[in-house]
Amino acid sequence: MKEDKMDKTKNEHISVDAIILVTLVIILIALAGFYLMGKKEKVVTSVPSTTPIQQQVIPTQAPIATEAVSITRAPTIQVTLAPTATPTPSPKPIPHGTKNFMVSIGSDVKGPRMGKGTIDPYDPVLGGKQKLTIEINDTVPVQKVVATLKTDKKTTEHILTANPGVTNKGNWSGEWTIDDSYLYTYILSIQATSANGTSSVDVTLR
């Protein structure tokens, strides 16, 4: 009786072990199947394509040749202006611009009488214009009025003309160009002539 019970228990253990073994075999077979399927897919996806792949070659830009440029700086030119020479001895100062003057002639002098005069300008630049206007009066028509200008190196004579309508009483005028310096010699001589005679006066401008 006891032996039959032991045999029965032994047979039950064998049945359980068989079931477990069969289960394990089935699991192994399933795993093997999954493994083979995955390997097959991997092999298929790794098959190289028969279509050739065209590679695009991007050309590289050739290096640009550079040329060295030499810059030469122009030499600096220094200009030295010579100082203006100072006249020696120093000239006497004179007025600037337009100046009026009066002429007085003695009663014993024959010829036209002279009165108010104007010099414009008194100190003209070299090459500039100068105008003289002088009042001339006489009892008879004035025939001629001459202005003589003495400068440093020249003496020039200028004929004056009467203003319109003037015969024996009125203004006479003349204009000229200054073409010489007058630093030391600057004298204006005026001479008027009529039927009564000739009168003259020297006006020292410097």
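A search for C-beta distances below 9 Å between a residue of the stretch 109-125 that is more than 19 Å from P141 (Cα to Cα) and any residue that is part of a loop (DSSP other than H, G, I, E, B) and small (G, A, S), counting only pairs 6+ apart in sequence or on different chains, returns D120/G97; P121/G97; P121/G128; Y122/G97; D123/G97. Mind counting the residues in the stretch 118-165 that are of a type in the set (V, I, T) and buried (at least 16 other Cβ atoms within 10 Å of the Cβ)? Going through the stretch 118-165 one residue at a time, the tally reaches 9. From the list V103, V109, the lone residue that is modelled with pLDDT under 90 and hydrophobic (A, V, I, L, M, F, W, C) is V109.
The values are calculated or read from the model by the stated rules, or taken from the named source; none is laboratory data. Keep in mind it's a predicted model, so treat the numbers as computed, not measured. No Cβ is skipped: glycine too gets one built from the backbone with ideal geometry, and neighbour counts run over all protein chains shown.
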